[in-house]
1. Has segment 55-64 got any residue that is within 20 Å of the chain's Cα centre (by Cα), outside any strand (DSSP E or B) and at pLDDT 90 or above?
2. Is it the case that some residue within segment 141-159 is modelled with pLDDT under 95 and closer than 27 Å to Asp15 by Cβ?
3. Any residue in segment 115-132 that's without any contact (Cβ under 8 Å) to a residue 60 or more places away in the chain: show its pairings with residues that are of a type in the set (Asp, Glu) and surrounded by 12 or more Cβ atoms within 10 Å (Cβ to Cβ) at Cβ separation under 7 Å, as long as the two are six or more apart or on different chains.
4. Among the numbered criteria (1) closer than 22 Å to Leu120 by Cβ; (2) over 16 Å from the mean Cα position of the chain (by Cα), which one does Cys10 miss?
5. Could you tell me which numbered condition Val74 fails, if it satisfies all but one of (1) part of a strand (DSSP E or B); (2) closer than 19 Å to Glu122 by Cα; (3) without any contact (Cβ under 8 Å) to a residue 24 or more places away in the chain?
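The values are calculated or read from the model by the stated rules, or taken from the named source; none is laboratory data. Only a predicted model underlies this, so the values are computations on that prediction, with no experimental measurement involved. For neighbour counting, all protein chains shown are included, and Cβ atoms are generated from backbone atoms with ideal geometry for every residue, glycine included.
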Amino acid sequence: MKTDIMDVECLAIVDESGEILLQTNYPRKTSQIICKKALKDLSEISVIDEKVVLTKRLDEIYVIIFSPEDRNEVLLAHYLEIFTEALFKIMRKTTREYVFKKYDQICLLLSNFIYNNIVLVEDVNLLVSKVPIRSFEGLESMYIPQSFATFFNKAKKTINKRNK
């Protein structure tokens, strides 16, 4: 087993069909093949195409992390646990739909966690704190009084007439 500052080759968030929803900087075709094989394998840890592959299921999505087979799988499991805990704190619901709803925050989480195969943060709370909270989070929609909506539509029509 070898430890190196560059322990993680790829970290990917994958749906149940094997489609990669988000991943670190790694050739897409290669990671797609490894991720699909990992999902078929159904084990949490395996060796696929000379890579140590760790898989963690979170409801409808999987988080897959892999490195060369001579890397320390215990350390990789630790990294996977850190990332999945942070991901769960940000998403709350781990479904494909929520990955797309929180895509910007997940991208920030991923970029704060791994940069050029180097794990930057090993503390879940510190990692989550680096991702800004949306100021509009939790708001469904804002009530607009009918009189304001009418005023807004009239103003819009007036501006359109002037531009013609």
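1. Applying the first criterion (within 20 Å of the chain's Cα centre (by Cα)) to segment 55-64 yields 55-64.
Next, only the ones that are outside any strand (DSSP E or B) stay: 59-60.
Narrowing further to those that are at pLDDT 90 or above: 60.
Yes, segment 55-64 contains a residue that is within 20 Å of the chain's Cα centre (by Cα), outside any strand (DSSP E or B) and at pLDDT 90 or above.
2. Here is the first cut: in segment 141-159, the residues modelled with pLDDT under 95 are 141-159.
Checking the rest, the ones that are also closer than 27 Å to Asp15 by Cβ come to none.
No, because not a single residue in segment 141-159 is modelled with pLDDT under 95 and closer than 27 Å to Asp15 by Cβ.
3. Matching pairs, first to second residue: Val124/Glu85.
4. With (1) closer than 22 Å to Leu120 by Cβ; (2) over 16 Å from the mean Cα position of the chain (by Cα) applied to Cys10, the lone miss is (2).
5. (1)
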